[in-house]
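*Asks:* Input: one structure, supplied below.
The values are calculated or read from the model by the stated rules, or taken from the named source; none is laboratory data. What you see is a predicted model, and the numbers here were worked out from it, not measured in a lab. Cβ coordinates were reconstructed from backbone atoms using ideal geometry, including for glycine residues, and neighbour counts include every protein chain displayed.
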């Protein structure tokens with residue numbers, strides 16, 4: 001570590017609102033909403049981050065004097081729920097060997113399996129060094145607290161060099177749709193094989209005949225009653241399988257005010 005980075009002071013925070021929102025957001029390398037101060041603060045303020053659900057905020061800030069120069073969303077986890085990375089077999093093996101796997105330290109966004117920045121260090125010439133300093137500070141905290149392990153989920157590729165050879169890299173598979181510059185929907189269909197084109201046209205025709213009105217709405221335009229209905233639909237997907245919905249109604253009601261049109265909803269009306 002250079003003399004400059006060695007002078008940085010790590011501080012750990014039990015609430016995101018202990019860190020200044022403007023400074024936190026200025027460190028994001030892009031406009032990914034899931035690591036925005038507003039999104040993380042809304043999770044905490046509306047009862048989504050709770051010790052009895054296995055989440056305890058432990059956010060990291062790196063300071064040069066009193067100036068926040070790098071940060072990471074960080075949590076002490078009492079279980080592995082809400083991560084979308086399934087390490088229960090690791091936990092079982094650790095405990096069979098006589099250890100205590102939980103709590104562990106997790107660098108991630110709760111309930112959101114979305115790849116994005118996890119080591120917030122801006123885009124300046126010191127960004128790479130700051131990301132390394134964040135990782136070193138997290139490792140130091142694991143040692144200080146006597147935790148079993150440190151995990152970082154759904155990182156961006158340019159953050160991987162901050163993690164040295166002592167880390168295990170886990171690669172997962174997700175399916176994403178990308179707009180390849182299609183002139184219109186027919187141009188998109190033309191890029192598919194005959195069977196896929198036929199299936200998509202058939203499915204769209206079924207929707208057209210249903211009489212449903214389908215449209216895109218920005219979060220700021222929804223009324224509180226509409227947000228309540230959206231949450232009820234979200235909750236029903238968990239109820240159907242006997243699972244627990246982690247995002248509260250209060251969180252949904254806050255989205256229009258906190259994130260506005262950064263939230264886009266596809267709504268179907270009869």
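*Asks:* Is there a residue in the range 43-52 that is at pLDDT 95 or above, part of a helix (DSSP H, G or I) and crowded, with 22+ Cβ neighbours inside 10 Å?
*Replies:* Yes, the conditions are met somewhere in the range 43-52.
*Asks:* Taking the range 16-42 as the search range and keeping residues that are over 15 Å from the mean Cα position of the chain (by Cα) and farther than 25 Å from residue 162 by Cα, which one is surrounded by the most Cβ atoms within 10 Å (Cβ to Cβ)?
*Replies:* Among those that are over 15 Å from the mean Cα position of the chain (by Cα) and farther than 25 Å from residue 162 by Cα, it is 17.
*Asks:* Follow-up. Determine if the range 115-135 includes at least one residue that is in contact with a strand residue (DSSP E or B) (Cβ under 9 Å, 6 or more places away or on another chain), surrounded by 13 or more Cβ atoms within 10 Å (Cβ to Cβ) and farther than 24 Å from residue 37 by Cβ.
*Replies:* Scanning the range 115-135 turns up no residue that is in contact with a strand residue (DSSP E or B) (Cβ under 9 Å, 6 or more places away or on another chain), surrounded by 13 or more Cβ atoms within 10 Å (Cβ to Cβ) and farther than 24 Å from residue 37 by Cβ.
*Asks:* On to the next question. Go through the range 135-163 residue by residue and tally those that are closer than 21 Å to residue 101 by Cβ and not in a helix (DSSP H, G or I).
*Replies:* Counting residues in the range 135-163 that are closer than 21 Å to residue 101 by Cβ and not in a helix (DSSP H, G or I) gives 10.
*Asks:* Would you mind telling me which numbered condition in (1) more than 24 Å from residue 145 (Cα to Cα); (2) under 20 Å from the mean Cα position of the chain (by Cα) residue 126 fails?
*Replies:* (2)
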